[in-house]
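As structure tokens, the structure follows; a few thoughts come after it.
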Amino acid sequence: MIHTPKTTRQYLLQLPVLVAALGYFVDMYDLFLFSVVRVPSLKALGVSGEQLLPEGVFLLNMQLAGLLIGGVLWGVLGDKRGRLSVLFGSILLYSLANIANGMITNLTQYAILRFIAGIGLAGELGAGITLVAEILPQRLRSYGSILVATMGVLGAILAYFVADLFAWRMSYYVGGGLGLLLLVLRFNVFESGLFENLKAKKVERGNFLSLLASPPQLRKYVLAIIMGIPLWFVVGILITFSPEFGKNAGLIEPIVAGKAVMLAFAGQSVGDIVSGLLSQRLQSRKKAIRIFILLSFAMMLVYLLAPVSKTSQFYFICACLGFCNGYWTLFIVLAAELFGTNLRATVATSVPNFVRGATVPLTWLFVALKPTLGLTYGPLLIGGVIVFCSLVALQFLEETFTKDLNYVEV
């Protein structure tokens, strides 16, 4: 049967697909708002000078710890109660945490609320990708990932412009308000048909411990996590701490973290589209991801080693680095396709959050290596090792492009 572009549009414009995409839009707004307002918010709370880096690392790690815990909790709930329960429960939690974030008066409150927001942020993307993957036919899953990824990255870009126009507290209020508005759409969204069919069967769903107890499943799970770690090395370290890297490069004019984040994610929005189309063209998830991992490493070398004399050059490199990092959603689609319907949400939700959580030890290592290797060779060593490990992990994963998702893990 020949599918016309109109039929493709009808699939992609289904309300569940649009809600998943808009959910990721709000998710990414909040997730990277801290990177944008890190410096002004910390200064407003009395932090300055050399303390901006360690305090920023601590707050980032609190958010990532929340993501790590929430990834497992929401993933299990997604397989037990449904994809929509997670999609909207997570949006509600991080929206309320966002609003509360605008009211903080000290670092302790900031840390607690970033942790709570992290738990909320952990659920939306995995549940959304699972829902999209199960609703769309195999031939359109790459296009679904493009739609979700593009909307998400636009959320990160919006975070920059909102923070540029308003004070940092108002930026948090805007994010919370957007999330609460999105909840209005939940009443007309239908659940995944594959999940509804599974509920009628006597099959255990969302058992995270069974995933760990099965060697073949555990192997796939760990390899999927390792494959994605370079993504958050770029985001969580290279881009988040771009002001410090710009200063290390000898730039006189300070780098604005929010602008670097905005440009990196503008680049990533284009990269997400290209990686999705490339996967469609090559009829392969693995080939497209491998190409982008190699491109990302090449741009890491440019970011850390290339001589720059102007801030405009540095920002351009950030945009290019973001483009080469544009395989985040494709990576989650691959992870979701690796597992059966009874564990798919658990995997698709927890894997990206374990990848995000891996930034915690990476930032510790980043700070530990700084006195001896500096801000050039320390990150270069970390980046080289994790890229090599990710390529090895990808090699041992199965190709899932043509895989039928209507099955369960036993």
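The values are calculated or read from the model by the stated rules, or taken from the named source; none is laboratory data. Here the structure is a predicted model, which means the values were calculated and not measured. FYI the Cβ positions are ideal-geometry reconstructions off the backbone, even for glycines, and counts take in every protein chain you see. These accessible areas exclude ligands, DNA and RNA; they are computed on the full protein's heavy atoms, side chains included. Shrake-Rupley method; radii C 1.70, N 1.55, O 1.52, S 1.80 Å.
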Could you tell me whether segment 375-382 includes any residue that is surrounded by fewer than 24 Cβ atoms within 10 Å (Cβ to Cβ), over 14 Å from the mean Cα position of the chain (by Cα), of a type in the set (Gly, Ala, Ser) and closer than 23 Å to Ile255 by Cα?
yes
Which pairs do you get when a residue that is at positive phi, found in segment 277-304, comes within reach of a residue that is crowded, with 17+ Cβ neighbours inside 10 Å, reach meaning Cβ atoms under 6 angstrom, with the pair 6+ apart or on two chains?
Gln283/Phe401
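Let me confirm something: among Leu231, Leu238, Leu140, Leu223, which residue is more than 21 Å from Leu334 (Cβ to Cβ) and either touching a residue at least 24 places away in the same chain (Cβ under 8 Å) or not in a helix (DSSP H, G or I) (or both)? Spell out how you get there, then give the answer.
Values: Leu231 fails: more than 21 Å from Leu334 (Cβ to Cβ); Leu140 fails: more than 21 Å from Leu334 (Cβ to Cβ); Leu223 fails: more than 21 Å from Leu334 (Cβ to Cβ).
Being more than 21 Å from Leu334 (Cβ to Cβ) and either touching a residue at least 24 places away in the same chain (Cβ under 8 Å) or not in a helix (DSSP H, G or I) (or both) holds for just one of Leu231, Leu238, Leu140, Leu223, which is Leu238.
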Anything in segment 352-377 that is in contact with a Phe, Trp or Tyr (Cβ under 7 Å, 6 or more places away or on another chain) and either modelled with pLDDT of 95 or more or of a type in the set (A, V, I, L, M, F, W, C) (or both)? List them, or say none.
Val355, Ala358, Leu362, Leu375
I need a count of the residues in segment 241-258 that are surrounded by fewer than 18 Cβ atoms within 10 Å (Cβ to Cβ) and not in a helix (DSSP H, G or I).
5
For segment 75-110, which residues satisfy the criterion of being under 20 Å from the mean Cα position of the chain (by Cα), among the hydrophobic types (A, V, I, L, M, F, W, C) and over 20 Å from Val184 (Cα atoms)?
Val76, Leu77
Flagged in segment 338-374 as crowded, with 16+ Cβ neighbours inside 10 Å and small (Gly, Ala, Ser), in numbering order, are Gly340, Ala345, Ala348, Ser350, Gly357, Ala358
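Being open to solvent by 60 Å² or more (accessible area, probe 1.4 Å) and either touching a residue at least 40 places away in the same chain (Cβ under 8 Å) or part of a helix (DSSP H, G or I) (or both) is the filter here; which residues of segment 69-104 pass it?
Going residue by residue through segment 69-104, those that are open to solvent by 60 Å² or more (accessible area, probe 1.4 Å) are 69, 73, 80-81, 92, 96, 103.
Within segment 69-104, Ile69, Leu73, Lys80, Leu92, Leu96, Met103 meet the criteria.
Would a scan of segment 291-298 turn up a residue that is modelled with pLDDT under 90 and part of a helix (DSSP H, G or I)? First the steps, then the outcome.
Within segment 291-298, the subset modelled with pLDDT under 90 is none.
No, every residue in segment 291-298 fails to be modelled with pLDDT under 90 and part of a helix (DSSP H, G or I).
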As an exercise: evaluate Leu140 against (1) open to solvent by less than 30 Å² (accessible area, probe 1.4 Å); (2) at pLDDT 85 or above and give the number of the one condition it does not meet.
(2)
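When you look at Val261, is it under 16 Å from the mean Cα position of the chain (by Cα) and either in a helix (DSSP H, G or I) or surrounded by fewer than 22 Cβ atoms within 10 Å (Cβ to Cβ) (or both), yes or no?
Yes: the conditions hold for Val261.
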Taking Gly126, is it open to solvent by less than 10 Å² (accessible area, probe 1.4 Å), more than 15 Å from Ile332 (Cα to Cα) and at pLDDT 80 or above?
no
Quick one: which residue in Leu218, Leu231 is more than 20 Å from Leu405 (Cβ to Cβ), surrounded by fewer than 16 Cβ atoms within 10 Å (Cβ to Cβ) and in contact with a helix residue (DSSP H, G or I) (Cβ under 7 Å, 6 or more places away or on another chain)?
Leu218
